[in-house]
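Undergrad: The structure that follows is given in the form of structure tokens.
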Amino acid sequence: MFRLSHYMKQLVAPTPVRQRKGPVRPVVIWNLTRRCNLKCRHCYAVAADHHFPGELTTQEAYAVLDDLAAFNIPALILSGGEPLSRADTLDIARRSKAHGLYTALSTNGTPISGAVADELAGIGFDYVGISLDGIGATNDWFRGQNGAFDAALAGVRECQKRDIKVGLRFTMTNDNAAQLPDLLALAEREGVEKFYLSHLVYAGRGNKHRGDDTDWTVTRSAMELLIERAWQAVSEGHELEIVTGNNDTDAVFFLQWVAANFSPEQVAHVRRHLEAWGGNSSGLGVANIDTQGVVHPDTYWSDYSIDSVRKRPFSTIWQDLSDPMLAGLRMQPRPLKGRCGACAYKSVCGGNTRIRALQLTGDPWEADPACYLSDQEIGLDEAMSHAGRASLTPFRGIKHDPAHRFT
């Protein structure tokens, strides 16, 4: 996850670069169930509205949770499917909060009525992320159910009434990208504190519909808009936090915007912060436990299993680098190939999203096909340029312009 607003703040209120001390503990995204009342086109879990056998029992889940807490993970995100469709999800959340863990909920928002919102507030969730993939009928088509937009928005408002920190999550494709400005306006109008744009990942139904992924020009225009809004919020003291996920090219795009608009000293400062973050964190700062207790490098690696918490504790699995993929993801630098391997900014983006490379080429270390920067922009000489790659406009035209509009 690229915290655009966080790094934007370094331009107005710079802070020292944080140095990592000791081993990195991962944020754990835990898919508690595959059951879901919706059927989203991009769903990486291929969820459906029926029971899936073999999911962890309540007692098994408690044992996993106790291990995660003892392992001192920084945050736990309860996800699905729709996590609120599982009967004991809120009990698991209570136990998580009792351990003192930062506990977030990733939901489609439709089950959050007044009574459910009361429970969420009583538990003390640190954050609730609610997915909207367009306005009105666009969202309903994308999520496979009429009325899903209105129900999700009602869930947002119920959380807001109870002072639960809530954010909107938007997965962008060619089918809904034009509604990004409307969704940002909705976020501001509703007073939500966070807006998260997810680029499409080729996993589950997202892989089936990968032809819907945005063109590079559309992606760049979307990032221009997000940078513009983030800068406006930071410079004017607004609270809206903008983050993006699943395409760490965004950090390089932002750094080049900084270079076009600020001093060399500020560019160097921001780059130091971005390199300390390191970009893609699959298998290092992010981990996934699926509904069956199988551990993956992140939520999109469902076809690659490291081990199961039914066999060994998560803390043991995560520290065992005999798994070749886990070891490779933690190499500094990673054993990247092609454009990613030759890129001048791989210390910033970390090689981007490896699962897309694996899905398209069969090799997890090949170039990520969703990198939307030109060879010139990432410092490749002509000899490294791939035949047939589209020529992209250099960054020089993307300076901050308050009159700019997303097209």
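The values are calculated or read from the model by the stated rules, or taken from the named source; none is laboratory data. If you're wondering where the values come from, they're calculated on a predicted model, not measured in any experiment. Reconstructed Cβ throughout: ideal geometry from the backbone, glycine too, with neighbour counts over all protein chains shown. Heavy atoms of the whole protein, side chains included, go into the accessibility calculation; ligands, DNA and RNA do not. Shrake-Rupley method; radii C 1.70, N 1.55, O 1.52, S 1.80 Å.
Undergrad: Mind listing whichever residues of the stretch 1-33 are assigned to a loop (DSSP other than H, G, I, E, B) and of a type in the set (G, A, S)? Don't jump to the end; show me each part of the working.
TA: If we filter the stretch 1-33 for residues that are assigned to a loop (DSSP other than H, G, I, E, B), which is where we start, we get 1, 3, 12-26, 32-33.
Passing the criteria: A13, G22.
Undergrad: In addition: Of (1) over 25 Å from H42 (Cβ atoms); (2) open to solvent by 10 Å² or more (accessible area, probe 1.4 Å), L68 satisfies all except one. Which?
TA: (2)
Undergrad: Out of all the residues in the stretch 379-395, is one or more charged (D, E, K, R) and modelled with pLDDT of 95 or more?
TA: Checked the stretch 379-395: no residue is charged (D, E, K, R) and modelled with pLDDT of 95 or more.
Undergrad: Closer than 30 Å to R229 by Cβ, of a type in the set (A, V, I, L, M) and open to solvent by less than 60 Å² (accessible area, probe 1.4 Å), is that true of I29? Break it down into steps so the answer makes sense when it comes.
TA: Details: closer than 30 Å to R229 by Cβ: yes; of a type in the set (A, V, I, L, M): yes; open to solvent by less than 60 Å² (accessible area, probe 1.4 Å): yes.
Judged against the criteria, I29 is a match.
Undergrad: Sticking with this structure for a sec: Conditions first: (1) touching a helix residue (DSSP H, G or I) at 6+ places or on another chain (Cβ under 6 Å); (2) at pLDDT 95 or above. Q376 passes all but one, so which condition is the exception?
TA: Of (1) touching a helix residue (DSSP H, G or I) at 6+ places or on another chain (Cβ under 6 Å); (2) at pLDDT 95 or above, only one is false for Q376: (1).
Undergrad: Restricting to the stretch 107-152, count the residues that are open to solvent by 50 Å² or more (accessible area, probe 1.4 Å) and among the hydroxyl-bearing types (S, T, Y).
TA: Of the residues in the stretch 107-152, 1 are open to solvent by 50 Å² or more (accessible area, probe 1.4 Å) and among the hydroxyl-bearing types (S, T, Y).
Undergrad: Identify all residues within the stretch 161-186 that are open to solvent by 50 Å² or more (accessible area, probe 1.4 Å) and over 19 Å from the mean Cα position of the chain (by Cα); write none if there are none.
TA: Matches in the stretch 161-186: K161, R162, D163, D175, A178, D182.
Undergrad: What's the number of the only condition in (1) in a helix (DSSP H, G or I); (2) over 23 Å from the mean Cα position of the chain (by Cα) that L380 fails to meet?
TA: (1)
Undergrad: So which residues in the stretch 80-106 are open to solvent by less than 10 Å² (accessible area, probe 1.4 Å), within 12 Å of L32 (Cα to Cα) and not hydrophobic (A, V, I, L, M, F, W, C), if there are any at all?
TA: The answer is G80, E82, P83, T89.
Undergrad: Also, I was wondering about something else. Quick check on this structure: which one of G245, G293, G285 is open to solvent by 10 Å² or more (accessible area, probe 1.4 Å), touching a residue at least 12 places away in the same chain (Cβ under 8 Å), under 30 Å from L56 (Cα atoms) and not hydrophobic (A, V, I, L, M, F, W, C)?
TA: Matching residue, one of G245, G293, G285: G285.
Undergrad: Any residue at all in the stretch 166-175 that is at pLDDT 95 or above, over 15 Å from I242 (Cα atoms) and among the polar types (S, T, N, Q)? First the steps, then the outcome.
TA: Residues of the stretch 166-175 that are at pLDDT 95 or above, as a first pass: 166-170.
Going one step further and asking which of them are over 15 Å from I242 (Cα atoms), we end up with none.
No: zero hits.
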